């Protein structure tokens, strides 16, 4: 009898579970029809008005309430700036998916006016798997690019060369509006105007539905959106005052640019056209001290001279959207552009040689090296996206991208008499050029199932194909015959082909105070490297490398209260290398440096674990995240002695790396007119490996900090000061010095915020600091396995770049609508630029 009662109870419980239903819908602004994110949606029992469950609306305005039992309910929807919404008499009598359709919220004009007078916009917003930062809160980035926005993120740092790292790692992936962009962040982000960015999402432990590439995670750039019919037009212009300090550079810097966006939306159609031009030069110098030892010979060659950059970018874009109804969305986009980056390194060398056994000087020679490296890139790409929503709230999306890129650019390298140009004695004249056509294809298919009791299931497939061809030619001038001759050891042909098949499954859900996500991504990659040198007898070689790997992920968050949450996450990642780092042939950068890749370079594989807490109090917030990152096959740039006055930089796998760190951040509204945003990242990093039969085991504590404080001088005028600081960091063979940059920005708005002007003082120094400087030092001592001779080196170079730069930016919007233009971006070519 007891067994029958127990069985009956089990059946009753199962039946109750089966009878549970799902309720979903979408929230939009009634005036603009734009999605409303972070609105509170609460479900109450109509019998006793008790709270049953509740959620917050997603970025696209959708919400889902699950595990609803049979009964009568009413819905209460609230969001600041809008009138509350009640939906009563919601009957649930069986297991079903109840779709409430699109629910419009009416703006509360009176509240909005009060918010404009006294409210302050939130800088940081925390979600289960990411932090979201509002781009327009960082005044020092206005008129600039996405790079200028990113430098304010607490876990993001930039060095003197403009290289971006997240939590001390340079390997991360950029998404544009959630779409995969496999590109070099330094080059891609320098193309995107800051004025077009709505917010930046930093996803340090991505779920399986995101691309597995990027050892530091993902940065998602979300552009502004326009949801109403009509014409949107925005024009931005910037100009820089002449350099205060010329640094004795050959040419004066030029800094100016403009960009525009036109977006016209009418009923089902959306057309956007954009163009941009940016000239952004940087003056600077480099001060170097280098010595090498080969056997009993020591050579010292200190140097000093120019190190400057002339950079030009211009592009044109067009995007066409067709939205026939609420369930279907088509987007077609084209992009073409040109850019060049000229790096000038005109250096004086003072060479001296000694005998190590007795210290006797055996020789001396000084000369002037004139070096100009021009890097160019022409891009043309097109993309197509289609999204469809089914009646049961499931969704399917298809996207495809094709890209053609032509990379190249010559490098001139001449050794001259130190009295140049008065005494026109040329010792060596060399010329290096290359053509690198690149063809890339990407295809995505994603399917999101209707919400279930467990949560939201998403399935997907991705295919990516890369074909990168390189023709590297290095020539030296023969003064006797007056001809240019090929230098075989620096000339080659290289072709890299890589295809990747990926499938994934991901589940996201909520239960009581718990939010969770779990997923698995499988990846099959095949890589073929085909190369041959230009020397007599050089044989063509073809190297294949492939793998099949699993990339699991998990996110878990528990709400101890409405304003205090704790979370944990795990993510497995991969960092694939560029073609440049796999070229096994030496490339001459300038007089003292060769660069070389590794044809057998392995990808880096990363395991990341996080544990964090988020606390909100009044209109302030604080978060802290502890993390551990383990990296297999760490790729580092290491040096060897090529000859007495030349070092060879080699990209190779040096072992494993471990980082244990803590990231903290706070967003404080100290008064109605004073706001402080600050973040810091402290971590211990260690590399464990070998190179040239020499043990590599550097380790150190390292940190970075970003501080941003804003003073509201009036309702339309702001003064903002920021500081970006990066501590000393270890490398496989040395260290990079600390780097910092303080900035001050005055912003004034006119004509009901249509016209915005900013005055920027960048890299503040005034001759009192060491702003925008960074010293890179490496050292090595080993027995060369090729000849058995002891070789040693020491090199330290201080890069001193321009300070006290004054910029003026003007932005004008012809109406107050937001821009919806979501242009395609280069996925493959930017990474190789």
ask   = In the stretch 684-698, how many residues are part of a loop (DSSP other than H, G, I, E, B) and touching a residue at least 40 places away in the same chain (Cβ under 8 Å)?
value = 2
message = Conditions first: (1) within 25 Å of the chain's Cα centre (by Cα); (2) at pLDDT below 95; (3) closer than 30 Å to residue 398 by Cβ; (4) buried (at least 18 other Cβ atoms within 10 Å of the Cβ). Residue 467 passes all but one, so which condition is the exception?
response = (4)
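Of the residues that make up the stretch 88-100, is at least one free of Cβ contacts under 8 Å to residues at least 40 places away in the same chain, assigned to a strand (DSSP E or B) and exposed (fewer than 15 other Cβ atoms within 10 Å of the Cβ)?
So in the stretch 88-100, the residues free of Cβ contacts under 8 Å to residues at least 40 places away in the same chain come out as 91, 93.
From what's left, assigned to a strand (DSSP E or B): 91.
Subset that is exposed (fewer than 15 other Cβ atoms within 10 Å of the Cβ): 91.
Yes: one or more hits.
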message = When the residues of the stretch 42-87 are narrowed to those that are part of a strand (DSSP E or B) and in contact with a helix residue (DSSP H, G or I) (Cβ under 9 Å, 6 or more places away or on another chain), which ends up surrounded by the fewest Cβ atoms within 10 Å (Cβ to Cβ)?
response = 67
key: Conditions (1) at pLDDT 90 or above; (2) within 26 Å of the chain's Cα centre (by Cα); number of the one not met by residue 667   = (1)
message = Please pick out the residue among 60, 29, 48 that is modelled with pLDDT under 85 and more than 30 Å from residue 230 (Cβ to Cβ).
response = 48
ask   = Is the stretch 402-423 home to any residue that is modelled with pLDDT of 90 or more, assigned by TED's automatic domain parsing to the domain that holds residue 488, touching a strand residue (DSSP E or B) at 6+ places or on another chain (Cβ under 8 Å) and within 30 Å of residue 511 (Cβ to Cβ)?
value = no
inquiry  = Residues that are surrounded by 14 or more Cβ atoms within 10 Å (Cβ to Cβ), at positive phi and within 37 Å of the chain's Cα centre (by Cα): does the stretch 385-407 have at least one?
reply    = yes
task = Inspect the stretch 411-422 for any residue being under 27 Å from residue 250 (Cα atoms), in a strand (DSSP E or B) and within 30 Å of the chain's Cα centre (by Cα) and give the result as yes or no.
result = yes
key: Count - residues of the stretch 88-116 that are within 23 Å of residue 394 (Cβ to Cβ) and either modelled with pLDDT of 80 or more or in contact with a strand residue (DSSP E or B) (Cβ under 6 Å, 6 or more places away or on another chain) (or both)   = 11
request  = Within the stretch 610-633, count every residue that is in a strand (DSSP E or B) and either touching a residue at least 60 places away in the same chain (Cβ under 8 Å) or over 23 Å from residue 662 (Cβ atoms) (or both).
outcome  = 10
ask   = Which strands (runs of 3 or more DSSP E) does the stretch 256-358 wholly contain that include 3 or more residues that are under 25 Å from the mean Cα position of the chain (by Cα) and surrounded by 16 or more Cβ atoms within 10 Å (Cβ to Cβ)?
value = 269-280, 308-325, 328-344
request  = Can you tell me which residue among 770, 752 is assigned by TED's automatic domain parsing to the domain that holds residue 706, surrounded by fewer than 17 Cβ atoms within 10 Å (Cβ to Cβ), assigned to a loop (DSSP other than H, G, I, E, B) and within 29 Å of the chain's Cα centre (by Cα)?
outcome  = 770
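Yes or no, residue by residue, for (1) more than 30 Å from residue 789 (Cα to Cα); (2) touching a helix residue (DSSP H, G or I) at 6+ places or on another chain (Cβ under 8 Å):
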{"residue": "236", "(1), (2)": "yes, yes"}
{"residue": "241", "(1), (2)": "yes, no"}
{"residue": "246", "(1), (2)": "yes, no"}
{"residue": "256", "(1), (2)": "yes, no"}
{"residue": "262", "(1), (2)": "yes, no"}
{"residue": "270", "(1), (2)": "yes, no"}
{"residue": "296", "(1), (2)": "no, no"}
key: Residues located in the stretch 510-546, provided they are free of Cβ contacts under 8 Å to residues at least 12 places away in the same chain and touching a helix residue (DSSP H, G or I) at 6+ places or on another chain (Cβ under 9 Å)   = none
key: Single match in 732, 678, 705 (criterion: crowded, with 18+ Cβ neighbours inside 10 Å, in the same structural domain as residue 775 (by TED's automatic domain parsing), assigned to a strand (DSSP E or B) and touching a strand residue (DSSP E or B) at 6+ places or on another chain (Cβ under 7 Å))   = 705
query = Is there a residue in the stretch 512-525 that is assigned by TED's automatic domain parsing to the domain that holds residue 590 and not in a strand (DSSP E or B)?
reply = yes
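The values are calculated or read from the model by the stated rules, or taken from the named source; none is laboratory data. All values reported here derive from a predicted model rather than from experimental measurement. Positions of Cβ are backbone-derived with ideal geometry, glycine not excepted, and every protein chain shown enters the neighbour counts.
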